Every structure is written in structure tokens, then in C-alpha cells.
Amino acid sequence: MNFPRAHWLQIHSTNPLERLNAEVVKAVRAPELWNAGPRYLQGQGTTALVIDSGIMPNADLGARYLGSLNFVSGEQQGADRYGHGTFVANMIAADGTKSGGQYLGIAPRANVLSFRVNNNQGQGSESDVVAALQWAFENRQVHNIRVVNISLNSSVATSYANSPLCAAVEM
């Protein structure tokens, strides 16, 4: 695949994809969208919301990391102390800055917002996730939220028909 020079992701190589080492990105065939003109879909102009343990700002997200909201009661910081939210955010939107282009996210030009719903041990409450989803729904147009990632599990099995979380996701 040839990556048009005008649309490179600031990777300094004759062919940026020859350095790409992100198997997930290859598996979902993201480079095909990155190279499909005239739009060159790389997430530009959109925001992905990560509802998780927070995000630790880093060079691969840079200024595209728009900030965080903390929904965890008793926790003062929205930064990720558990690590999972940062991992997810980079799988979505890393631009390869730290790795010289080896590791990119699926949408390397997307903006990212973080909603912290898990504490420092990775535990959270369903009500915090529902509150985060409600805020996202009410403010989706202001921030152009087009993707919401919720990579969480539950210790209590509940039918989707009775789950407040499933109802919030459906909204």
C-alpha cells in the first residue's frame, strides 16, 4: 500500500507502512481507509470517548487528548493510575510519535476524551458508567463524539432487559 505523502502521519520514512508493527491496525485493515482518497479517513475531526480508568497524557495522543472528567466518587484526579484506559486510548488514536511510526492506533488523527469511571484498582460502579454515558449523550454534538469505547466487565451477571447500563448504552 502506498501512503500519499500529503497525508503521512508525520512519520519520516520513504513508506510509513513498512515500519508499521501494529497487528490490530493491520487486522482491521485501517491502512486501506487511511489511503482511500479523497477523504483519507484517519479519524480527523472526530472525537473518541474512552470510558475506563482514565488516560495518562502522552506524546502519541499529544494535543488531540482533549481532557478528562472524573465520575469516581472520592477520587480527585482523572488521570489513569491503573493503565487500562491509557492502553485503550492509544489503541484507538496513537499517532506513532514515540515509536517512530511502528505503533499507530486505528484512527491516528482522532481526538480523545477520557471519562474515568474506575478507581486506581480498576474497580467502579455501574452508576458511574451510566452517569458518564448520560453526560456523553447530552454533550455529544459539542465535542463531536462519534465513538464511545467501554472496555469494562462486571462481577454481577444481569440480563440486558433489566440493566440500567444496557439502557444507557442503547440511548
Relative packing of 136-144, 42-50, which averages over residues the other C-beta atoms within 10 Å, highest first: 42-50, 136-144
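About the Cα centre of the chain, what is the dipole size in debye to 20, counting +1 per Lys and Arg Cβ and -1 per Asp and Glu Cβ, all else neutral? Don't skip to the answer; put the middle values down first.
Values: 12 positive and 12 negative charges, 119 e Å.
For this selection, approximately 580 debye.
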Label-point separation, Q121 to L66 (7 Å along Cα→Cβ), nm: 3.3 nm
Signed unit charges on C-beta, dipole axis of the chain, positive-most listed residue I51, A27, Y160: A27
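Given a 1.4 angstrom probe, what's the average accessible area per residue across the chain, in square angstrom? Intermediate values should be presented prior to the final figure.
Details: 9630 Å² over 171 residues.
Accessible area per residue, the chain: 56 Å².
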Gain in span if fully extended, H143 to T158, counting 0.36 nm per residue against the direct Cα distance: 2.2 nm
Per residue Cα convex hull volume in Å³ - calculated over the stretch 80-140: 84 Å³
Between helix 126-143 and the chain: long-axis angle, C-alpha atoms, 0 to 90°, nearest 10: 50 degrees
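The values are calculated or read from the model by the stated rules, or taken from the named source; none is laboratory data. The shown structure was predicted, so the numbers you read here are calculated from the model rather than taken from an experiment. Quick reminder, even Gly has a Cβ in these numbers, built from the backbone with ideal geometry, and neighbours come from all protein chains shown. SASA here: full protein model, heavy atoms, side chains in, ligands and nucleic acids out. Shrake-Rupley method; radii C 1.70, N 1.55, O 1.52, S 1.80 Å.
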